[in-house]
Amino acid sequence: MLRFKSLGSGSTGNATLVEVQSGIHTTRLLIDCGLRLRDLETRLIEAGTCAEDLDAIFITHEHGDHIGCARSLVNRYSTPLWMSQGTWLAVSDEAWTAHQHLLNVARDGCTIEIGNLQAFPFTVPHDAREPLQLRCSDGDRHLGVVTDLGHISSHVIESLQGCHALLLEANHDPDLLKASGYPSFLKQRVAGPWGHLANEAAAELLSHLKHDQLDYVQAAHLSERNNTPELARASLSAALGCGLMDIDVAHPSSGSKWVQV
């Protein structure tokens, strides 16, 4: 059985827990840990597990709201760590080098086997050194996690085909972003082709991924200033042809419920 739970998603920090249960064994993968260590430990306990039980951590890219407490977490628990070579080069310093023995290099298109979980990294257009997003599977059901991309690429569409559940970035509403108090350079960065996905772009991506067995969609990485859950739901539900409340929204601090894929 494949299931997942957002532990928090937004500009203040992102972390998603993915589990595969097979018999009495559970494999646990944490995708990003962009929270304070104390907060992450608390949210893992609230999710029914703990940091000691993590089998691996996958870091999508080096931005602070995704890599967050990774070094502290690895230092405390010696958890195996996955990231791209580019992400490692972007963050590695003397303190990180001490944990190099725990590092596993993730590559686009190369399957990662972690216990009973299969992870399929794929590159995305985002302003980081070598960003990767992830598709997870228990061999039967498939979950797509894509939280940071500036535009839709054919590779992203191909990598997410046939997923049964999606955690999908719906970062901002263009009108709210334009009217916001963000400085011009930041508005251009967020709305640019290497920034973040607007609601309409997320809906367009969803229209490419829609199929009869896509059972669940969760909007994630919403901007607290430049988006609302209502606007994100409206865009994604229109693309999927479902009701507004059929689209879940990950909260920055409380994340989401457990979702069985």
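FYI, it's all coordinate maths here, none of it is from the lab. Because the structure is predicted, anything quoted here is derived from the model rather than measured. Because the Cβ atoms are built from the backbone with ideal geometry, glycine has one as well, and the counts that use them run over all protein chains shown.
Some observations on this one:
- The count of lysine pairs in the chain that are at least 8 places apart or cross chains, and whose C-alpha atoms lie under 26 Å apart, stands at 4.
- Cβ-Cβ distance of E204 and W258, R₀ of 25 Å, FRET efficiency by 1/(1 + (r/R0)^6): the value works out to about 0.30.
- Exposure proxy order (Cβ contacts within 10 Å, fewest to most) of V146, V105: V105, V146
- With each label modelled as a point 7 angstrom along the Cα→C-beta vector, the L89-S154 pair spans 2.6 nm.
- Here the dipole of the stretch 38-82 is about 140 debye; that uses its Cα centre as origin and unit charges on the Cβ of Lys and Arg (positive) and Asp and Glu (negative).
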